[in-house]
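The values are calculated or read from the model by the stated rules, or taken from the named source; none is laboratory data. Being a predicted model, the structure only gives us computed values, none of them experimental. No Cβ is skipped: glycine too gets one built from the backbone with ideal geometry, and neighbour counts run over all protein chains shown.
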Amino acid sequence: MHIEAEKHEAATKGYGRGRLVEEAGSGVVIELKDSYYVLTNRHVIKDAQLNDIKIRSSDGNIINPAKVWSIRTRHRRDEHQRTASGRRPVGQ
């Protein structure tokens, strides 16, 4: 899976809206109890709105996530993971 997100950086010195930042990365699909989830690195989608996150499958299908949340564990290195769940099964 290919993940793309657009977000605005914080404005500097309180002037206007920050500059547009485009992030991209890969993700893996996990199926759990008839639902599909995409796991990606947190920095790719951090601070992006749901409609500004695009999940692209290898067949060209594009979906937006229905929900985004972080996974926190006791291991600091794992805090960089974030999950985005799709609205429909991948490939449909």
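A few notes on this one:
- Output for segment 39-69, where each listed residue is assigned to a strand (DSSP E or B) and among the charged types (D, E, K, R): LYS54, ARG56, LYS67
- Considering (1) modelled with pLDDT of 85 or more; (2) assigned to a strand (DSSP E or B), the lone condition that TYR36 does not fulfil carries the number (1).
- Considering segment 53-71, the residues that are over 9 Å from the mean Cα position of the chain (by Cα) and of a type in the set (D, E, K, R) include one that is surrounded by the fewest Cβ atoms within 10 Å (Cβ to Cβ), namely ASP59.
- Check on SER26, surrounded by fewer than 17 Cβ atoms within 10 Å (Cβ to Cβ) and within 10 Å of MET1 (Cβ to Cβ): yes
- Checking ARG17, ARG56 one by one, the residue that is over 21 Å from ILE71 (Cβ atoms) and modelled with pLDDT under 90 is ARG17 and no other.
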